[in-house]
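The values are calculated or read from the model by the stated rules, or taken from the named source; none is laboratory data. Every value quoted in this text rests on a predicted model; they were computed, and no experiment measured them. Using ideal geometry, Cβ is built from the backbone for each residue, glycine included, and neighbour counts are taken over all protein chains shown.
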Amino acid sequence: MRVLVVQNYDNTGLGQVGAALAEAGAEIDLRNAHLGDALPEDADGHDAIVVLGGGQNALADDEYPYIPALLDLMRDFEAKDRSMLGICLGSQLMARAFGGQNLIGTAPEFGWRQVTLTEEAENDAVLGALPKDFSTFQWHDDTFTLPEGAVHLAGNAAARNQAFRVGRAAYAFQFHFEADQALVRQWNVAFLDVLRARQPAWLERFEDEAATHGDKADEVGRALARAWVATI
């Protein structure tokens with residue numbers, strides 16, 4: 001099992017998705033696209049693709065000129081029925097790739113927040129075994145409209161489209177289910193200046209929020225990661 005991982009920003013990380021891939025014995029092919037790593041021309045050399053998050057938005061082609069090629073690559077993975085996972089920015093890029101509209105700066109959300117599954121998620125191969133409502137980590141400003149023909153899987157008050165599926169196994173998640181408490185702690189260090197500027201009380205309330213939400217969110221994230229890896 002060979003999985004292409006596209007990183008769009010420093011210090012994002014695979015978190016629980018990486019753990020689930022390691023359990024399955026996957027070979028990871030990591031491309032730091034934002035640093036100039038070349039992307040494959042098509043999906044033929046990989047069994048799945050993971051597109052991670054980032055501080056840029058999904059329309060930032062001028063600053064990140066690889067984005068149009070990444071959109072083509074994502075469409076090729078889905079056309080060849082190979083599993084795909086887009087997280088945060090990755091979900092926004094998936095929405096754009098399949099005809100959705102990116103809505104910039106319209107849905108700020110940060111910290112552990114509640115998400116609710118749709119009726120369509122009840123029989124979904126990846127989300128069907130999850131509780132209908134659960135807490136998960138959020139860090140985004142943008143959202144998107146659902147691509148035509150996509151299956152709406154989850155939402156909340158801040159962003160109606162928190163998860164969707166295209167085809168059999170192309171999944172997009174606005175929320176950071178991969179971010180267990182360990183990864184969020186890493187982000188607290190790696191993005192300290194950003195957090196101090198934009199979430200000035202976060203570091204003071206982090207331990208209380210982690211104690212309240214972290215364990216259950218981690219449990220859901222592990223289950224979700226393993227279920228997606230099983231689609232490969």
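Scan segment 1-17 for residues that are of a type outside the set (Asp, Glu) and farther than 18 Å from Arg82 by Cα and the total you get is 9. The set of residues in segment 139-157 being among the acidic types (Asp, Glu) and either loosely packed, with under 15 Cβ neighbours inside 10 Å or farther than 30 Å from Arg185 by Cα (or both) consists of Glu148 alone. Against the criterion of being under 15 Å from Ala95 (Cα atoms), assigned to a helix (DSSP H, G or I) and touching a residue at least 40 places away in the same chain (Cβ under 8 Å), Leu70 qualifies.
Yes/no matrix, rows are residues, columns are (1) outside any loop (DSSP other than H, G, I, E, B); (2) surrounded by 19 or more Cβ atoms within 10 Å (Cβ to Cβ); (3) modelled with pLDDT under 95; (4) in contact with a Ser or Thr (Cβ under 6 Å, 6 or more places away or on another chain):
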position: Ala19; (1), (2), (3), (4): yes, no, no, no
position: Gly25; (1), (2), (3), (4): no, no, no, no
position: Ile28; (1), (2), (3), (4): yes, no, no, no
position: Ile49; (1), (2), (3), (4): yes, yes, no, no
position: Glu63; (1), (2), (3), (4): no, no, no, no
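Of the strands (runs of 3 or more DSSP E) contained entirely in segment 81-200, not one carries at least 2 residues that are out of contact with any strand residue (DSSP E or B) (no Cβ under 6 Å at 6 or more places or on another chain) and under 29 Å from Ala69 (Cα atoms). Residue-level check: of (1) surrounded by 15 or more Cβ atoms within 10 Å (Cβ to Cβ); (2) assigned to a loop (DSSP other than H, G, I, E, B); (3) aliphatic (A, V, I, L, M), Val6 misses just (2). Residue count for segment 190-212 under the criterion of being in contact with a Leu (Cβ under 8 Å, 6 or more places away or on another chain), free of Cβ contacts under 8 Å to residues at least 60 places away in the same chain and closer than 18 Å to His140 by Cβ: the result is 1.
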